[in-house]
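Below you'll find the structure, written out as structure tokens, and then a few comments.
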Amino acid sequence: MRSICKRRLFLCFNKIFPQFLVGLFFIYVYCEYLIYYVTQLQCRWPTVEKNVMKNDKPVYAMVLADIHLLGSKNGHWLDKERREWQMHRAFQTAMTLHNPELVFILGDIFDEGKWSSQKEFNEYVERFKKLFEIPKGTTLHVVAGNHDIGFHYKITPQLANRFEVELHAPPVKLISIRGNHFILINSMAMEGDGCRLCSRAVAELEKIADTLKCSSGSTLCKGKTRVAKYSRPILMQHYPLYRESDTACTESEAPVSRNLFEERWDCLSKESTEYLIESLLPRAAFGAHTHNSCLIRHSLVPRPEHKIEFVEYTVPSFSWRNRLDPKYYLLSVTPYEVKVAKCELTREVTIQVTAVLLIIALVVYIQYYNTRSYSHLKTFPVDFLQR
């Protein structure tokens, strides 16, 4: 009789254990790979107006910010590995599903960039390029954040230069694609104190502003350089433009707070903001830094006969260390309009709850299967089990 029981247990184990392992494997694949597709499939490129001319094919751009890759000082190694894996999977899923033409990362790529030695910084860059690898046909552009090179008073020529060289991110850069113009700006270079970095940035901004004025047919044109097709530019930088606080946002995910922003720390100074708006006449602006989303409709009237209106978006953090619900933006851009879609990533609690529920379902299934198998074995003749 004892041998019969052993045989029954052996037959059950032989069937149950492989099923349990296969079930765990599929739970792992779903929770660590497929669940990102399930969530991000719900986000699509925003639609532009149908009356756009055929030769004005939209520029499709993805915008994210504040990924804060950890270094050797802050955070636990397990937290570091987990967050980097999550961001890697979310980013690569976005590349597969959306296949953007451009990707903009608006600063604070490295959490400890301002403290890193040259060796650590080189390792940082390699990790970043591996985690945020882009496919052929997509171009990646980044701007510096305060965690990458430090706040203005902490920036050294070495910190600014290595970020610019390794990540191809000068203080100011103009990118023109099919009549759409993106101006990337190092926010910390907009201090306005005449420092070397600030002087470079202002000099380049003056050139770009004149190029755009000449291209628009303005009588204020001084030079001869022009872009092929003029449209008002789109600003991309780490700091948001000047605002008193997040209470100015018409759409915001920031915690309810009336704390005032500190200029040059939480946002650009009012002076620099007015300079950028009056010089460049943007039709949209994108910033980051606060880790929360915000939408503000700006209206500046420098002269009674001249009114400048545009929308500013603050891009929330892409990292689960900074938000329970990281996000990124998808932009469909033509010379006539900028359409924006906000895309949510899977909440970590959703992944955890899903894993627990799937494991419970697997155990229930195996228990049910085991009960049926055991009942079936009871009906077997004893002489069959003894063979």
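The values are calculated or read from the model by the stated rules, or taken from the named source; none is laboratory data. All figures in this text were calculated on a predicted structure; none of them were measured in a lab. Glycine gets a Cβ as well: all are built from the backbone with ideal geometry, and neighbour counts include every protein chain shown. The accessibility values were calculated without ligands, DNA or RNA, using every heavy atom of the protein model including side chains. Shrake-Rupley method; radii C 1.70, N 1.55, O 1.52, S 1.80 Å.
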Degrees separating the helix 270-280 axis from the principal Cα axis of the chain, which is the longest one:
80 degrees
Can you give me the C-alpha center-to-center distance between region 226-294 and region 53-124, rounded to a whole angstrom?
21 Å
Report the relative contact order of the chain, percent, no decimals, based on alpha-carbon pairs under 8 angstrom and at least 6 residues apart.
21 percent
Charges on Cβ only, +1 for Lys and Arg, -1 for Asp and Glu, centred on the Cα centroid of the chain; of Ala65, Phe163, Cys43, which one is farthest towards the dipole's positive end?
Cys43
Could you tell me which chymotrypsin sites (Phe, Trp or Tyr not before Pro) in region 82-123 are loop residues by DSSP with no more than 10 other beta carbons within 10 angstrom of their beta carbon?
none
Let a ≥ b ≥ c be the square roots of the eigenvalues of the Cα gyration tensor of region 126-231; is it rounded (a/c under 1.5), or, if not, prolate (a/b larger than b/c) or oblate?
oblate
Do the alpha carbons of any pairs in Lys213/Lys307; Lys80/Lys130; Lys57/Lys130; Lys207/Lys229 sit beyond 19 Å of each other, and which pairs?
Lys57/Lys130
Region 31-140, Rg to Rh (Cα coordinates; Rh as Kirkwood inverse mean 1/r):
1.05
Label-point separation in nm, Ser279 to His88, each point 7 Å along Cα→Cβ
4.0 nm
Leaving out ligands, DNA and RNA, what percent of the accessible area of the chain is carbon and sulfur, probe 1.4 Å?
56 percent
Using 7 Å Cα-to-Cβ label points, what is the Arg196/Glu305 separation (nm, one decimal)?
4.4 nm
Amide H to amide H, which residues 5 or more places from Ser269 or on other chains are under 5 Å from it, using H placed in the peptide plane?
Arg264
The chain, accessible area per residue, ligands and nucleic acids excluded (1.4 Å, Å²)
52 Å²
Quick one: helix 118-131 against the long Cα principal axis of the chain, what's the angle to the nearest 10°, folded into 0 to 90?
70 degrees
Report, in degrees rounded to the nearest 10, the 0 to 90 angle that the Cα long axis of helix 348-378 makes with the longest principal axis of the chain.
20 degrees
Label-to-label distance, nm, for residues given as Gln19 and Glu81 (7 Å Cα→Cβ offset):
3.2 nm
When a/c reaches 1.5 or more, the comparison of a/b and b/c decides; with that in mind, is region 169-281 rounded, prolate or oblate per its Cα gyration tensor?
prolate
Candidate cut points under GluC sites (Glu not before Pro) in region 124-167, DSSP loop plus at most 15 other Cβ atoms within 10 Å of their own Cβ, are Glu133
Calculated log₁₀ intensity ratio I(q)/I(0) where the Debye formula runs over C-alpha points of region 268-321, q = 0.27, 0.31 Å⁻¹
-1.12, -1.28
Listed peptides 360-368, 29-37, 325-333 by packing density, highest first (mean Cβ within 10 Å):
325-333, 29-37, 360-368
Inverse of <1/r> over all distinct C-alpha pairs of region 208-272, i.e. the Kirkwood Rh in Å, gives 14.6 Å
Cα centre as origin, Lys/Arg/Asp/Glu Cβ charges: the chain dipole, Debye:
1800 debye
Can you classify region 92-146 as rounded, prolate or oblate using the Cα gyration tensor, where a ≥ b ≥ c are the square roots of its eigenvalues, rounded means a/c under 1.5, and otherwise it's prolate if a/b beats b/c and oblate if not?
prolate
Furthest towards positive pole of dipole, Ala228, Leu34, Leu174, structure part the chain, Cβ charges
Leu34
Calculated [θ] (222 nm, deg cm²/dmol) that DSSP helices of n ≥ 4 give over the chain, each run adding -39,500 (n - 2.57):
-13000 deg cm²/dmol
Averaged over all directions, how much area does the convex hull of the C-alpha atoms of the chain cover when projected, in nm²?
27.1 nm²
Region 66-101: which trypsin sites (Lys or Arg not before Pro) are DSSP loop and have at most 12 other beta-carbon atoms within 10 angstrom?
Lys73
Largest-first semi-axes in Å of the equivalent ellipsoid built from the Cα gyration tensor of region 261-364 are 41, 16, 8
